[in-house]
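For reference, the structure is listed below as structure tokens.
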């Protein structure tokens, strides 16, 4: 999974925060991440669906937290916009999880040479937009109390349904590891892909770009909170 991470003014994304959550900051910084990854061996209700087992996803994500006890908070992620390359998958995700998925043509590539891994993802929307990263070949555990830990610790997702309620769902997976980034390139028009509210990301540099190793994932049935 590639994650390109931008520092923004909290007011810039406040209207996208689901009901009952607050922005989760790291050392006072508010992040928005452009994320791209590949689903493999995908199953729906434990059943593989023909021609819908391997496909890309590209999304824009926010980091939020929800109070679940008097002194206890849970980290969650919210998505202003997400993309799949397959209409049936987008329909299921929008219907079940109330996410804002759109179907677009996408691509990905992965290769390695004697020293480095080369990973890239692209999406076609008014032209092609690409994100690519070159990393070292060995990955390592992610240290806690780092921005990378914030970007990788999403075990819960949330989505706004309307002004009165939102959905939440749990994501079960192992902890991820991270590769050291050597170089990266992003050629995204964020306004075209994600909407005019996000155009300013086109003209700023991400604070970091990372490649995480990923893992098997189970997404559980959503709940609705009012």
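The values are calculated or read from the model by the stated rules, or taken from the named source; none is laboratory data. All figures in this text were calculated on a predicted structure; none of them were measured in a lab. Cβ placement follows ideal geometry from the backbone for every residue including glycine, while neighbour counts extend to all protein chains displayed.
Here are some notes:
- Of all residues assigned to segment 27-34, none qualifies as being within 17 Å of the chain's Cα centre (by Cα), surrounded by fewer than 18 Cβ atoms within 10 Å (Cβ to Cβ) and modelled with pLDDT of 90 or more.
- Test: residue 207 is surrounded by fewer than 20 Cβ atoms within 10 Å (Cβ to Cβ) and modelled with pLDDT under 95: no
- Residue within segment 177-200 that is on the phi > 0 side of the Ramachandran plot and at pLDDT below 95 present: no
- For segment 78-91, filtered to residues that are touching a residue at least 24 places away in the same chain (Cβ under 8 Å) and in a helix (DSSP H, G or I), the residue that is surrounded by the most Cβ atoms within 10 Å (Cβ to Cβ) is 89.
- Residues located in segment 92-119, provided they are touching a residue at least 60 places away in the same chain (Cβ under 8 Å) and either in a loop (DSSP other than H, G, I, E, B) or surrounded by fewer than 15 Cβ atoms within 10 Å (Cβ to Cβ) (or both): 96, 98, 99
- Applying the set (1) within 20 Å of residue 63 (Cβ to Cβ); (2) without any contact (Cβ under 8 Å) to a residue 40 or more places away in the chain; (3) in a helix (DSSP H, G or I) to residue 199 leaves exactly one unmet item: (1).
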